[in-house]
Every structure is written in C-alpha cells, then in structure tokens.
Amino acid sequence: MERSTGSNMQIQGQRTQSTAIVKVQQEPSIKIEPTVGGQLLRKLFQIIFFVQLFLVSILVIVLTIRGLIYAGSTDRFHPKKWYPPLLVSTASAGIVSFIWQSITFHCPSKAIKAVFWFTPLLTCAVGVLHILIGSPLSLAAGTIAILSGVIQSLYACWVNSRFDYASKILTVSTSAPPYNTTTFVIVSIITCLVYSSFSVTGIGGATATGTSLDIAFIVVILLSFLWSMQVIKNMLYVTISRIRYMNFACGVDINTRAAFHDTVKHFVGSVCIGSAIVPVIGTIRGSARAINLVAGDNDEFLFSCADCYSGFASTLITYGNRWGFVHVGVYNKGFIQASADTWEMFKRVELISLIDSDLTGVFCFLSGVAVGSICGIVGGTWELIIHKGYATEVSIYAFLIGYFMCRIALAWQQASVSAYYVSYAENPQSLRFDATIPVRIEQLH
C-alpha cells in the first residue's frame with residue numbers, strides 16, 4: 001500500500017505515541033497535552049468511576065450474603081427459583097452476542113435486513129409475555145414494548161432504501177479487522193458475563209427483603225451497571241477506532257494489545273466522561289428528530305417548539321457524540337474537545353446529512369434490542385412457569401444484560417465505521433478510500 005500523502009504525514013506527526021505504531025516518517029510522533037482543566041476533569045471522572053465501582057462491589061457482596069441468610073430463614077425469597085433463569089439468560093446473552101457479531105461480519109447485508117425486520121417481532125413478543133404475566137408493572141412494560149415494536153416496524157419500512165448503503169459502509173470499514181479481534185471480543189464478553197452475574201447476585205440479595213431501602217439499592221446497582229457497561233463498550237470503541245483510523249489514514253498497523261494498553265493508561269477519564277454524556281445526548285437528539293417528524297409544518301406553534309428543541313439537541317451533539325471517541329484515541333484529546341472538533345470537521349466537508357442518514361448506529365441499537373428481547377423472553381418465560389412473581393423483574397434485568405452484551409460484541413464494528421468516516425473527513429481525496437461515500441453523497445444530493 002502506498003505511503004501517506006503530505007497532509008496525512010502532518011496529521012501523523014500529532015498522534016499519540018505508541019511503541020506499536022509502524023513509523024512512516026522519521027520525525028517522532030507528538031503527544032497532544034490536554035489543558036489543566038481538561039486533565040482535572042478527566043481525573044475527576046476516572047476517580048468517581050472507580051470509587052463508585054468499588055463501593056457498589058462492596059454493596060453487592062453485603063446484599064448477596066444478607067439475601068442468602070434471609071432466604072434460609074423465610075419462604076419469601078427462593079434463590080433456586082430467582083437466580084438460575086437470570087444466570088442462564090446472561091449466558092445466553094454472551095453466546096448469542098458472539099454469534100451475531102460473527103454473522104454481521106461475514107454477512108452484513110443479510111444481518112442488517114434481518115435485524116430491521118425481526119427486532120420488531122421480538123420486541124412485541126416481549127410485550128405479549130409481560131401482558132401474560134399480568135402485574136401492573138408488567139402490563140405497563142408490555143404496552144411500551146408493543147408500541148415500540150410497532151414504531152420499529154414502521155421505521156424499518158421508512159428506511160428500507162438505506163439498507164444497501166449501510167451494508168456497503170459496514171463491509172468496507174470492517175474488511176480488514178485488527179489482529180486478534182476475535183480474542184478481544186471473547187475476552188470482553190467473558191468479562192461482561194462475570195460482571196453481569198456479579199451484579200445479578202446483589203440485585204437478588206436486595207430482592208430477598210424488598211424494603212424501600214432495598215429498592216434504592218437496586219436502582220444504585222443498575223445505574224452503576226449501565227455506566228460500567230458503557231465504559232467497557234467505549235474502551236473497545238476507542239481502541240479499535242484508533243487502530244482502524246491509523247490504517248485508513250496512513251496505511252499503518254497498531255498492535256491490538258498495545259493499543260488497548262494505551263487506552264487503559266491514557267484515555268480512561270475521557271471514556272468515562274463520554275460514557276456518561278453520549279447516551280443522554282443521543283436520547284435527546286433522537287427524541288428531537290422524532291418530534292420534528294410528528295410536528296411537520298402544519299401547526300405553527302408545534303413546529304416552532306419542535307424547531308427550538310431540535311436546535312438545542314443539535315447544539316448538544318456538537319459537544320458529545322460517538323465520533324469524538326476516534327479523536328480521543330488518535331490525538332489524546334479530551335472527549336468534549338474531540339467531539340466538537342470531529343463535528344466541525346463533518347460540517348466543513350458537508351458530511352452531516354450523510355452521517356444523519358447512516359443506519360449503522362441504528363443497526364447496532366436494534367441488534368442490542370433483539371438480543372435483549374431474546375434474553376428477556378428466556379428468563380421471563382422460565383419464571384412465568386416456575387414462579388410468576390419474579391417474571392417481570394427477571395425479564396427486565398435479562399433484557400438489559402442482553403442489550404449491553406450485544407452492544408459490546410458489536411463495538412469493534414461500529415468503531416470501524418466511525419474511524420472510516422473520520423479519516424475520510426480529514427482527507428476525502430485520499431486514494432485509500434473507494435467510491436462508497438462519494439456515490440452516496442451524490443445520491444443524497
């Protein structure tokens with residue numbers, strides 16, 4: 001492969017130093033030093049993350065021991081009926097997630113079509129299960145699930161014309177996965193299996209007594225679980241996006257282990273910040289786009305409100321988007337700065353409309369929903385048969401575990417797509433890129 005052009009050589013000179021980088025120039029790479037405020041913010045979030053993880057781990061251990069002691073002296077809680085369905089669902093999440101990421105890599109076109117058409121059915125199936133359970137909470141969850149399934153099916157019909165481009169961009173960006181990617185994914189899934197099982201034991205211990213304080217404990221464990229799973233996913237995201245960016249932009253390779261070591265050593269604080277910000281901003285932006293579709297331009301007042309909310313969401317996305325993780329890994333920037341720089345670059349080369357119409361992010365989300373639904377059906381159906389009182393909560397916990405397990409398994413592919421977009425935006429004329437993006441831009445125009 002030919003060596004990088006002059007502009008790419010200049011970019012390469014700014015990248016984070018790593019002993020694993022194959023040098024394409026004589027000058028040493030320069031590590032961008034963050035501002036003092038940026039360093040403090042990173043360190044603060046890193047400390048908060050590890051402290052909460054430590055405290056929640058102690059809480060889980062205490063609740064588990066207390067729950068087992070309490071279960072031995074009362075018939076209110078039955079560990080043999082509560083734990084096995086949830087642990088089996090957790091194991092199923094790991095197996096299905098690994099298989100699905102493999103299918104996505106080898107058959108992206110079929111995977112995209114399958115997930116857009118079958119996820120609504122699986123979501124509705126979860127809704128029917130909750131309605132069969134019959135408790136007030138399960139009826140509410142079932143209604144939401146069925147409505148969500150209907151919306152997903154309508155959305156699949158609406159974006160049907162985008163499937164071909166989504167499969168093309170997924171194929172071209174993942175055509176040469178980093179070395180040891182499969183091992184990396186397996187280790188990540190096993191780590192999540194252990195962590196999810198550990199969290200489940202604590203939730204079970206709190207469920208044993210079920211006081212108001214225990215409900216608060218469950219909420220704390222779930223919030224810690226959500227943030228921790230996001231951090232795990234984005235650690236993979238930063239690692240793989242850096243490797244793929246260097247390959248797309250400069251034609252050089254980075255050893256996967258060395259890249260992950262750099263991520264753990266330098267970028268944990270930025271990853272923790274991004275893991276807390278991106279889901280919130282993504283939810284706001286998604287709701288804004290949905291409101292715009294509903295509002296249309298018929299009602300002037302409603303359209304004005306929707307337009308104002310959309311402007312607010314557009315401002316937020318500038319300072320917190322998943323493409324910023326690429327610059328976090330490549331340039332050692334703070335997450336907010338990386339997000340702003342990446343988004344401005346997309347605007348400069350007029351890629352915003354292409355980014356907004358890309359389905360790979362939605363594909364990963366729906367894949368998580370599909371795997372989560374499968375796990376929720378497995379755990380919920382089992383509990384419906386052996387102990388109906390546990391069915392609702394076990395199904396919900398199993399859904400969350402399955403969702404995040406799948407997102408983590410697919411993180412390397414989503415990171416590859418992001419790296420492709422960012423490296424293309426920095427140098428659209430590079431001969432390393434084919435006509436996939438230019439052709440799509442022409443179609444959109």
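Given the condition open to solvent by less than 10 Å² (accessible area, probe 1.4 Å) and under 30 Å from I243 (Cβ atoms), answer yes or no: does some residue in region 135-155 qualify? Looking for residues that are open to solvent by less than 10 Å² (accessible area, probe 1.4 Å) and under 30 Å from I243 (Cβ atoms), one finds none in region 135-155, hence no.
Being open to solvent by 10 Å² or more (accessible area, probe 1.4 Å) and either in a helix (DSSP H, G or I) or basic (K, R) (or both) is the filter here; which residues of region 423-445 pass it?
Y424, E426, R432, T436, P438, V439, R440, I441, E442, Q443, L444
Based on this model, can you work out whether Y420 counts as open to solvent by 10 Å² or more (accessible area, probe 1.4 Å) and either under 30 Å from C192 (Cα atoms) or within 12 Å of the chain's Cα centre (by Cα) (or both)?
Taking the combined requirement at face value, the residue does not satisfy it.
Filtering region 165-204 down to residues that are more than 18 Å from the chain's Cα centre (by Cα) and aliphatic (A, V, I, L, M), which residue is modelled with the lowest pLDDT? It comes out as A176. Among the residues of region 62-73, those that are open to solvent by less than 90 Å² (accessible area, probe 1.4 Å) and either modelled with pLDDT of 95 or more or of a type in the set (A, V, I, L, M, F, W, C) (or both) comprise V62, L63, A71. For region 239-251, indicate whether the set of residues that are free of Cβ contacts under 8 Å to residues at least 40 places away in the same chain and surrounded by fewer than 21 Cβ atoms within 10 Å (Cβ to Cβ) is non-empty. Checking region 239-251: not a single residue is free of Cβ contacts under 8 Å to residues at least 40 places away in the same chain and surrounded by fewer than 21 Cβ atoms within 10 Å (Cβ to Cβ). Would you check which residues across region 211-236 are open to solvent by 50 Å² or more (accessible area, probe 1.4 Å) and either more than 22 Å from A276 (Cα to Cα) or without any contact (Cβ under 8 Å) to a residue 12 or more places away in the chain (or both) and list them? Across region 211-236, the qualifying residues are T211, S212, L213, I215, V219, L223. When region 156-195 is filtered for residues that are without any contact (Cβ under 8 Å) to a residue 60 or more places away in the chain and closer than 20 Å to V362 by Cβ, the ones remaining, listed by number, are A156, C157, W158, N160, S161, D164, S167.
For region 316-354, filtered to residues that are aromatic (F, W, Y) and open to solvent by less than 50 Å² (accessible area, probe 1.4 Å), the residue that is farthest from R42 (Cα to Cα) is F346. When region 423-433 is filtered for residues that are under 19 Å from S241 (Cα atoms) and over 24 Å from the mean Cα position of the chain (by Cα), the ones remaining, listed by number, are E426, N427, P428, S430, R432, F433.
How about region 371-383: which of its residues are open to solvent by less than 10 Å² (accessible area, probe 1.4 Å) and not β-branched (V, I, T)? Hits for region 371-383 are G372, S373, C375, G376, G379, G380, E383. Beta carbons closer than 7 Å, at least 6 apart along the sequence or on distinct chains, pair a first residue in region 98-124 that is of a type in the set (G, A, S) with a second that is in a helix (DSSP H, G or I) for S109/S167; A111/I103; A111/T104.
Condition test on G94, is it over 21 Å from the mean Cα position of the chain (by Cα), within 22 Å of L223 (Cα to Cα), touching a residue at least 40 places away in the same chain (Cβ under 8 Å) and buried (at least 23 other Cβ atoms within 10 Å of the Cβ)?
no
Being closer than 30 Å to P84 by Cα and in contact with a His (Cβ under 7 Å, 6 or more places away or on another chain): is that true of A141 here? Spelling it out, A141 is indeed closer than 30 Å to P84 by Cα and in contact with a His (Cβ under 7 Å, 6 or more places away or on another chain). Look at Y390 and say whether it is at pLDDT below 90, surrounded by 19 or more Cβ atoms within 10 Å (Cβ to Cβ) and over 23 Å from I355 (Cβ atoms). Yes; evaluated as a whole, the condition is true for this residue. Pairing each residue of region 388-417 that is in contact (Cβ under 8 Å) with a residue 24 or more places away in the chain and more than 30 Å from V330 (Cα to Cα) with any residue that is in a helix (DSSP H, G or I) and open to solvent by 30 Å² or more (accessible area, probe 1.4 Å), provided the two are 6+ apart or on different chains, yields C-beta distances under 6 Å for A391/L384; T392/L137.
Taking the conditions (1) surrounded by fewer than 19 Cβ atoms within 10 Å (Cβ to Cβ); (2) modelled with pLDDT under 90; (3) over 16 Å from G329 (Cβ atoms) in turn, A208 satisfies each one other than (1).
The values are calculated or read from the model by the stated rules, or taken from the named source; none is laboratory data. Note that the structure is predicted; figures quoted are calculated from it, not measured. Cβ: placed from backbone, ideal geometry, glycine included. Neighbour counts: every protein chain shown. Calculation scope for accessible area: heavy atoms of the full protein, side chains included, ligands and nucleic acids excluded. Shrake-Rupley method; radii C 1.70, N 1.55, O 1.52, S 1.80 Å.
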